[in-house]
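Here's the structure we're looking at; comments come further down.
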Amino acid sequence: MEDQIRLAAFNWLRNQSEIYEDVLPRRILESGFEFQGERVTLIGASGIWKPRQFKSRPISITTILNGPYPDKMSDGFLSYKYRGTDPNHRDNVGLRLAMETKTPLIYFVNLSPSKYMANFPAYIINENRALHEFTVALDEEKYIGVPIETNQVNEPAEFYRRKYITTLVEQRAHQHSFRLRVFAAYKSQCCLCKLNHTELLDAAHIIPDNEPKGDPIVPNGLTLCKIHHSAFDVNILGISPDYNIHIREDILQEIDGPMLKHGIQSLDKHKIILPARKQDYPDKERLEMRFDKFRKVG
């Protein structure tokens, strides 16, 4: 029965992730879904969560990005701390049993208050009692339910596949968290034109995340609508360290329709809309680095 509930949970989460674009409200996870007339919850007060229908193995584990518990990535896998320090605590025993039986779990990442990303299947692949922690690996959904003897035919391939997927999940979680925090700082509006339809907004990096100083932090972020994000990326517009918008000279001289005139040209020499908190303002050093590229193009 537990295996059937797990598969039903995976299917339900897959649908919910599509509806909510990967960022799930806590309330729906606490409420859960109905299975054969009973309500199955997926998250609760404990980071290691076992719904009442389960005997000992949990259904999910949760980590908080930049939270109080030092869960971290190590060699491409997640180090997940014990509940407390007692290896015989029932939650730790449950994870140990999940490891021994190769049970697939749900790995929730708390991105921001009441916002979560769901990842599955997650497997407990090792335990370090000296450090009071387990090692967690993420895998592809298509391997759920593959017989153990089949799944171990090529152990090196499985190891590197899981390492790659776990790393990707961690990167995606930080990207989602960055977007949520930048949107919150700018009250979900484009900092150039005030457009506030989130489906038309991006959390843009001032310095790209694949470059030095491209950290996923709010002072390296701007909320930009799709058009202004593209214009910023290709240096049609730039933002100087004094928070002024600059439109490239050849674009200012161009004659076209109302979108160019009112959507881009009219922004020249205006200031961007700044966050309410000064600590969230765009970093001036990063703006100078990015604006230097704009000047060279112009």
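Quick note: the coordinates plus some simple rules give every number you see, no bench work behind them. Quantities reported herein were computed from a predicted structural model and do not represent experimental measurements. Backbone-built Cβ (ideal geometry, glycine too); neighbour counts: all protein chains shown.
Once the chain from residue 54 to residue 254 is taken as fully extended at 0.36 nm per residue, the excess over their C-alpha distance is 65.3 nm.
Using a simple spin-label model with pseudo-atoms 7 Å out from Cα toward Cβ, residue 34 and residue 17 lie 2.5 nm apart.
For the Cα atoms of the chain, what angle does the longest principal axis make with the long axis of helix 90-100, in degrees from 0 to 90, nearest 10? On a 0 to 90 degree scale, this one is about 90.
For the chain, the longest principal axis of the Cα atoms and the long axis of helix 284-297 meet at an angle of about 60 degrees. Longer than 18 Å from Cα to Cα, which of 213/271; 187/284; 213/284; 226/269 are they? Say none if no pair is. Table pairs above 18 Å Cα-Cα are 213/271; 187/284; 226/269. In the chain, the longest principal axis of the Cα atoms and the axis of helix 155-185 are about 50 degrees apart. Between the beta carbons of residue 2 and residue 140, assuming R0 = 30 Å, the FRET efficiency works out to 0.85 to the nearest 0.05.
For residue 82, nonlocal amide neighbours, meaning residues 5 or more places apart or on other chains whose placed amide H falls under 5 Å from its own, are 133, 134.
Could you name the lysines whose alpha carbon sits less than 30 Å from that of residue 102, not counting residues in the same chain fewer than 8 places away? Residue 102 reaches 50, 55, 72, 81, 115, 142, 163.
Oblate is the label for segment 186-297. Its Cα gyration tensor axes, ordered a ≥ b ≥ c, give a/c of at least 1.5 and b/c at or above a/b.
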